[in-house]
Structures are given as C-alpha cells and as structure tokens.
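The values are calculated or read from the model by the stated rules, or taken from the named source; none is laboratory data. Computed from a predicted model, the values in this text were never measured in an experiment. Cβ sites come from the backbone with ideal geometry, for glycine too, and all protein chains shown count toward neighbours. The accessibility values were calculated without ligands, DNA or RNA, using every heavy atom of the protein model including side chains. Shrake-Rupley method; radii C 1.70, N 1.55, O 1.52, S 1.80 Å.
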Amino acid sequence: MATDSRFTRTYDSAPEAIMHVGSTLQDFVTASELDALIGGTLAPAVIAERYYEDMAIGEPDGARIATDDAQTRSDLLDFVRYEISIAIEQRREDAAEAALAELRERDARTGQLVAQALHSGASKRAVAEALDISRPTLDKMIADQADRALFDAALELLTKYGRPHADSLQLMELLAIRSVLKQARGILAAMAQLESWDAWGPEQVEVLRRAQARAQELTAR
C-alpha cells in the first residue's frame, strides 16, 4: 500500500490505528462519562467522534486510514461499543471479586469460631445451640466448609491457568456461589473443557483431582 508522504501514519483501519497507539476507552472518557456510556445515557457515537478528531484522520499531520470516511466512522463506533462491553465485563468481575471477598471473610469468621470452640473442648451440641442450629445442620456446615475450601482452591487454579478452555468469569461467579452442589457441577463442567493438565504441578493436580472426585461424589447422590 502506498503511503502519502503528507501523512505521518498509514493504517488499514481505524481500530488498527487505535491498537497501534495503545489507547483505551478510559483514555478518552472521564469516569462519569464511562458511567454514562455503560448506563446508556451517553451515545457511543460521541466518543467515536472524539477518537476521529484526536487521530486527525484525513489531516496532513494525522493518520491516514485505508477505508473511506463512512467505514472509518462506522469502525470507530464499533470499536467504542466493544470497549464499553469490555468495561461492563470488568465491572462484573470486580463486583464478583468484592462479593467473594465478603463471603470468604464471613465464612472464615464462622468457620474459625466453630473450629476454635470444638478445639477448646466444646461439644458439637453446645456449638449448635450457640449458633441456634441443629446438630445435623452443624455437621453439614462443617462438611460444607471443608468442601467449599477444596472447591475454592480448585476454582482458583482453573481461573488462573485453565483459560481459554474454561471461562474465567463463569468460574469467578462459581467462587461466589455458596452452594457446594452448584460448585461441584460447575467444577465438573469446567474440567470437562480442559484439553490438558500440563499447566499445573503435581501438588496442584492433586488438589484438582481431589476436587473432581468430591464433586463427582456429591453430584452422584
């Protein structure tokens, strides 16, 4: 492709030019504008035009784009919409992480108190009465806490190393679920997508194998 010497840069498309520069949506909007874009009260076309003007497309000292003006503006609009979708997904991930941290903190406090009480010699009956629950409920709580700890460890391994075979956002949502049965089903589904276990060391594989076995046991009931 020939390059017009008047132009400092030549690109096949507007998104290619943007990716070359390395600009993200956050570089072109304020925090309140991003909220408005996500909320639908600010038109993506406004920001697409901002990109167009910033790159000075068609100006002697700007970027030269191979597509015609209409296609360039359409591509910029599609790019902004895509960036908005990425921002929405990031906020979902942040919310899931925050919810997960809160749930873990709460569960950890309860689990620690139960473990400390039992370790100090308190009977399960006394602990159950203190929590205002039945003995069978306490037994299930203790078993669930052990299962959840195992499943959380397995899900974190899958989230960190299992992509792209396992969807990271879905796995993060599973981490926030307090139903061990739903976690078990999710773990089995994620593991079924794995093509290889090579991403993990022997100890990590052992965690995954134990989680898989326990998940199969729970879902078989």
Practice task
Test ASP61 against the criterion of being touching a residue at least 12 places away in the same chain (Cβ under 8 Å) and exposed (fewer than 15 other Cβ atoms within 10 Å of the Cβ), and give yes or no.
Solution key: yes
Problem - So ILE18, is it in a helix (DSSP H, G or I), open to solvent by less than 80 Å² (accessible area, probe 1.4 Å) and either modelled with pLDDT under 90 or within 16 Å of ASP75 (Cα to Cα) (or both) - result: yes
Handout entry: Residue check for ALA115: loosely packed, with under 13 Cβ neighbours inside 10 Å, free of Cβ contacts under 8 Å to residues at least 40 places away in the same chain and in a helix (DSSP H, G or I)
Key = no
Completion exercise
Taking region 66-95 and keeping residues open to solvent by 70 Å² or more (accessible area, probe 1.4 Å) and more than 21 Å from ALA31 (Cα to Cα) leaves ASP68, ASP69, ALA70, GLN71, ARG73
Exercise for the section: Search region 123-152 for residues that are under 24 Å from VAL205 (Cβ atoms) and pair each with any residue that is surrounded by fewer than 13 Cβ atoms within 10 Å (Cβ to Cβ) and of a type outside the set (Ser, Thr, Tyr) when their beta-carbon atoms are under 8 Å apart and the residues are at least 6 apart or on different chains. Expected result: ARG148/ARG178
Handout entry: Residues that are touching a residue at least 40 places away in the same chain (Cβ under 8 Å) and closer than 13 Å to SER23 by Cβ, drawn from region 39-58
Key = MET55
